[in-house]
């Protein structure tokens, strides 16, 4: 699972990111709201771990904006402010959980794991993008009503891409979700599978490369 961590305190950020990675999460780190917004715009995260107070503002404003634009990733706020009013404010702006500093790292990991699990898409939900249909329960993909035959790895990559049509999914996130073994994100394992997937899906190509970032499935084709 992929997380975004917003924390401007370098020592705490390194410690939190390290603990989360050791717990099995992929973690992208940012220090400002503007960088967080950019990352969220190009990556589909399973959970957002956000320090409320950073140099360029209050993270509740970011979350409020995200909710208004349809971003549903669960949010865990980290804060040194422990008043009931602060907590209520965070929840009213779209936060899902609150952790007051200083906190136990074991509790942080448990809360992130719980949020990510609750937010996970039900496995029986059919995914659609344009004329593509993916059924996770039956492990079937059709295009324009025609059943396609593909490898398990192609299916896994397509499923991640179709969870949020139009959202860019990074290579590192695809590796986290689709490969049990460890791979360097700079390797070409993802590109090879995407090349195979494109051949399977046929024309017009629904998989778009976002250079330097990753891939996305377009929901509307010319």
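Read-outs: derived from the displayed coordinates by stated rules, not from any lab. Not measured: the values here are computed from a predicted model.
Residue separation of residue 10 and residue 104 scaled by 0.36 nm, minus their Cα-Cα distance, works out to 32.1 nm of gained length.
Once the Cα-Cα distance is subtracted from the 0.36 nm per residue extended length, the residue 34 to residue 198 segment shows a gain of 55.6 nm.
Using a Gaussian network model of the chain in which every pair of alpha carbons under 10 angstrom is joined by a spring, one finds that among 83, 116, 172 the greatest mean-square fluctuation is at 83.
What residue among 161, 137, 66 has the largest mean-square fluctuation in a Gaussian network model of the chain, using Cα springs under 10 Å? Judging by the Gaussian network model, the answer is 137. I'd like the orientation of helix 105-119 relative to the chain: the angle between its Cα long axis and the longest Cα principal axis, in ° from 0 to 90, rounded to 10. Taking the Cα atoms of the chain, the angle to 105-119 is about 40 degrees. For the chain, the longest principal axis of the C-alpha atoms and the axis of helix 152-163 are separated by about 60°. Averaging Cα coordinates gives a centre for region 1-40 and one for region 57-113; these two points are 14 Å apart.
For helix 59-68, report the angle its Cα long axis makes with the longest principal axis of the Cα atoms of the chain; keep it between 0 and 90° and round to the nearest 10°. With rounding to tens, the tilt is 40 degrees. For region 2-119, the equivalent ellipsoid derived from the alpha-carbon gyration tensor has semi-axes of 18, 17, 15 Å in decreasing order. Which shape class, rounded, prolate or oblate, goes with region 61-157 when its Cα gyration tensor gives a ≥ b ≥ c as root eigenvalues, a/c under 1.5 marks rounded, and past that a/b bigger than b/c marks prolate? It is prolate, given that a/c is not under 1.5 and a/b is the larger ratio.
Using C-alpha pairs below 8 Å separated by at least 6 residues, the relative contact order for region 2-119 is 25 percent.
Along its three principal directions, the equivalent ellipsoid of the chain from the Cα gyration tensor extends over semi-axes of 34, 18, 16 Å, largest first.
Based on Cα contacts under 8 Å between residues 6+ apart, the chain shows a relative contact order of 16 percent.
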